[in-house]
Amino acid sequence: MKKKIIIIVGVIVLLILSVVGYYVISDLNQESKLKNELNELSDLVNADNINMDEINQRLNRTVTKNDYAVVEKSFKNYLKDSFDNSLKIAQVLNDEQITTLLTVDNYQNDGKDFIKTKKYIADTKNTLEECQQKYNEYLTKEKAMSYINDKGLDSYYTTLYENELIGDLSSENEDKTVENAINDIIDILNATDQVINFLSNNSNDWEIENNNIVFSNENLTNEYNQLISSVL
């Protein structure tokens, strides 16, 4: 009888160990999938020639299961929002219309009140300032963690997200290239705005002649040239 009890207990222990072993191996497999997926995604993002179609394909898929899938989706949603904001910044910085605001063509097409030009400058500045604020927010750990803190996960998974996926987002490691580029364009828009306001305020004292702007007196010409020089 005792032998039977021992055998039964032994079988139960083996079954428990088998179940525990299965879940441990399964968890390790899911964690490995997660890390591999994000490493490959990192390689795509840091490639010399960025393929946004492939990046978006990765961001919109889920390769893990259960709690690991929650971690994966949370991090990818954080990346997607950050990328969308960065793409919006890039579109504005590369907008060729900025370079046409102080041309004779624009003076003729939108002068002398420059209603469209003034609206474009104001809207573009607002967009850049909003995107700049968001850009800085996405570089904070608080913002990154907000994508997973409300998911009700065990601390193991939030720690994995924080340490393995987010890493160090301290300001010391922050690249100022994007922020500097935004500030440069905002400075150009501010200087351009001064020129446009000058032209609209003196609308009766300038004309376009032979594809050049001509003022009614030398003082206005000098003031215009000084304002233009601050843009260049």
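Tabulated data
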{"item": "Given (1) surrounded by 12 or more Cβ atoms within 10 Å (Cβ to Cβ); (2) closer than 30 Å to residue 221 by Cβ, index of the condition residue 131 fails", "result": "(2)"}
{"item": "Search result, residues across the range 76-92 that are touching a Phe, Trp or Tyr at 6+ places or on another chain (Cβ under 7 Å) and loosely packed, with under 14 Cβ neighbours inside 10 Å", "result": "77"}
{"item": "Residues within the range 105-143 that are closer than 19 Å to residue 165 by Cβ and assigned to a loop (DSSP other than H, G, I, E, B), tallied", "result": "2"}
{"item": "When residues of the range 134-143 are limited to those that are within 30 Å of residue 32 (Cβ to Cβ) and of a type in the set (Ser, Thr, Tyr), the one most open to solvent (accessible area, probe 1.4 Å)", "result": "140"}
{"item": "Candidate set: the range 171-219, residues that are of a type in the set (S, T, N, Q) and not in a helix (DSSP H, G or I); chosen: the one most open to solvent (accessible area, probe 1.4 Å)", "result": "210"}
{"item": "Within the range 144-161, tally of residues that are open to solvent by less than 60 Å² (accessible area, probe 1.4 Å) and assigned to a helix (DSSP H, G or I)", "result": "6"}
{"item": "The range 81-101 residues that are free of Cβ contacts under 8 Å to residues at least 40 places away in the same chain, paired with ones that are in a helix (DSSP H, G or I) (beta carbon under 7 Å, 6 or more apart)", "result": "97/120; 100/106"}
{"item": "Of residues in the range 93-128 being of a type in the set (Val, Ile, Thr) and under 19 Å from the mean Cα position of the chain (by Cα), the one most open to solvent (accessible area, probe 1.4 Å)", "result": "127"}
{"item": "Residues located in the range 34-75, provided they are hydroxyl-bearing (Ser, Thr, Tyr), open to solvent by less than 60 Å² (accessible area, probe 1.4 Å) and free of Cβ contacts under 8 Å to residues at least 40 places away in the same chain", "result": "42, 64"}
{"item": "Check on residue 231, at pLDDT below 95 and either of a type in the set (A, V, I, L, M, F, W, C) or open to solvent by 70 Å² or more (accessible area, probe 1.4 Å) (or both)", "result": "yes"}
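The values are calculated or read from the model by the stated rules, or taken from the named source; none is laboratory data. Computed from a prediction, not measured in an experiment: that's the story for all the values here. In this analysis, Cβ positions are derived from the backbone assuming ideal geometry, glycine residues included, and neighbour counts consider all displayed protein chains. Heavy atoms of the whole protein, side chains included, go into the accessibility calculation; ligands, DNA and RNA do not. Shrake-Rupley method; radii C 1.70, N 1.55, O 1.52, S 1.80 Å.
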